[in-house]
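The values are calculated or read from the model by the stated rules, or taken from the named source; none is laboratory data. Predicted model, so just to flag it, every value in this text is computed and none were measured. Here Cβ is always computed from backbone atoms with ideal geometry, including for glycine, and neighbour counts include all displayed protein chains. Keep in mind that these areas ignore ligands, DNA and RNA; they rest on the heavy atoms of the full protein, side chains included. Shrake-Rupley method; radii C 1.70, N 1.55, O 1.52, S 1.80 Å.
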Amino acid sequence: MHARAPSKAILSGEHAVVYGRPALALALCRYATVELEAAAGLGTDVELVLDSLNTRERVRLDQLDPLQRQLQQRHQDFLDGDLPIEAVMAQPALLFQYALSLVPECWSAIAGCRLRLSSQIPLGAGMGSSAATVTALLKAVSGYAGKPLATPQLVALVTRCEQLQHGRSSGLDPAVCGRGGMLRFQQGDVQPLPASLQQGWYLFDSGKPDCSTGQCGSQVRRQFGRSGIWDEFAEVTEQFQQALLGASPERIHASVRQNQRLLERIGVVPQSVQQQVRELEQQGASAKISGAGAVSGNRAGLVLIYAPDRTLESLSSQSAAWQPLQMDTMGAVYESDR
Ligand SMILES: Nc1ncnc2c1ncn2[C@@H]1O[C@H](COP(=O)(O)OP(=O)(O)OP(=O)(O)O)[C@@H](O)[C@H]1O
Ligand SMILES: C[C@@](O)(CCO)CC(=O)[O-]
């Protein structure tokens, strides 16, 4: 059997959503997949194969409880200011072991199984790779055990994992990866958006940032944690939502540009990416980073481009690298027949 979960793009409100303001996001048709099958020779252990990282690890289910406590303690140390975020999940496999530790009711069913995680989602690109992979894992494990998690429970468990991965998670990525479609999210409250994205939206990968989402979040909190700028983000997100619902290209352009300016003010858009965005604007398009961005280096991961009335070739010599934005509407899916 296998389960899959989509990646995500944030249209508006990244970072501000961590401070309780609304965000708009949608699920994308690029997926993380987990295949689960019984394997010989594992006894009561589980084998975790991470294709993207070329690693495999044997996991003792009876060690997951102490591991969970240890990781939660490290996260508390982070919250208390005694550990940097990168020291909480010191290795990638720990994220998935922590996820498994949260579903003890499934352990007996998965004992002796191999869990293979593969993904079409670029790592560190702001496309919610960690939320999508953990969502696919928990969807697979709970489905296989015959104890399928309802979507709100699934989202809540993935959010716990994201707290440890990123330090503080708004829960936005887990909600989008679990539910699919386009939605407005604020403080755990999810409102599906009936708007559909018209033609003219593209994704561009400006490259893997030098810093993680957790490091970006920590830096932003140090500088802007108590700032009034989050209300400005909230206002732009409201405008963005109205513009999308009203399918108004001019208002969408304005919202994308204002959102990008705010992200620049909080220091998550490297100069080189700002420059690319300005060049696109001069040609009549709009663009913004999507996701955490970067507080160092010259790459910021995913950039969203809105260019409804321009041909790609007329816009940029780099347009060959752009991909049309395609929305997933299914969210996390479990299939037992493969
Ligand atoms: N495909 C994968 N295989 C193994 N580990 C992964 C995978 N995707 C994510 N991870 C783990 O999650 C961590 C964070 O993932 P990543 O850097 O891609 O951030 P992200 O979740 O995409 O960020 P954002 O929330 O900003 O979109 C990685 O460092 C790695 O430990
Ligand atoms: C930067 C952030 O707003 C989006 C990361 O995809 C963090 C979060 O919402 O948890």
Check: Given the residues Leu149, Leu115, Leu137, which is the only one that is assigned to a strand (DSSP E or B), under 24 Å from Arg30 (Cβ atoms) and more than 16 Å from ligand 2 (Cβ to nearest atom)?
Finding: Leu115
Next item on the list: Collect the residues in the stretch 161-183 that are more than 10 Å from ligand 1 (Cβ to nearest atom), open to solvent by 20 Å² or more (accessible area, probe 1.4 Å) and assigned to a helix (DSSP H, G or I), keeping them in residue-number order.
Entry: Gln163, Arg179
Notebook entry, point to check: What number of residues within the stretch 96-116 satisfy the criterion of being open to solvent by less than 10 Å² (accessible area, probe 1.4 Å) and either under 19 Å from Thr213 (Cβ atoms) or within 8 Å of ligand 1 (Cβ to nearest atom) (or both)?
Noted result: 2
Check: Any chance the stretch 188-199 includes a residue that's open to solvent by less than 70 Å² (accessible area, probe 1.4 Å), over 21 Å from Leu302 (Cβ atoms) and out of contact with any Asp or Glu (no Cβ under 6 Å at 6 or more places or on another chain)?
Finding: yes
Next item on the list: Return a yes/no flag: does the stretch 242-254 have any residue that is surrounded by fewer than 17 Cβ atoms within 10 Å (Cβ to Cβ), free of Cβ contacts under 8 Å to residues at least 24 places away in the same chain and among the hydroxyl-bearing types (Ser, Thr, Tyr).
Entry: yes
Note to self: Residues that are aromatic (Phe, Trp, Tyr) and closer than 23 Å to Asp210 by Cβ: does the stretch 74-92 have at least one?
What the structure shows: yes
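Report yes if Leu183 is over 16 Å from the mean Cα position of the chain (by Cα) and aliphatic (A, V, I, L, M), otherwise no.
Working: over 16 Å from the mean Cα position of the chain (by Cα): no; aliphatic (A, V, I, L, M): yes.
Considered against the rule, which asks whether it is over 16 Å from the mean Cα position of the chain (by Cα) and aliphatic (A, V, I, L, M), Leu183 comes out as no.
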Notebook entry, point to check: Hey, any hits in the stretch 203-223 for a residue that's farther than 26 Å from Ala320 by Cα, open to solvent by less than 60 Å² (accessible area, probe 1.4 Å) and not in a helix (DSSP H, G or I)?
Noted result: yes
Item checked: Complete set of residues in the stretch 170-182 that are more than 13 Å from ligand 2 (Cβ to nearest atom) and of a type in the set (A, V, I, L, M) -> Met182
Notebook entry, point to check: Which of the residues that make up the stretch 264-283 are more than 15 Å from ligand 1 (Cβ to nearest atom) and touching a Leu at 6+ places or on another chain (Cβ under 8 Å)?
Noted result: Leu280, Gln283
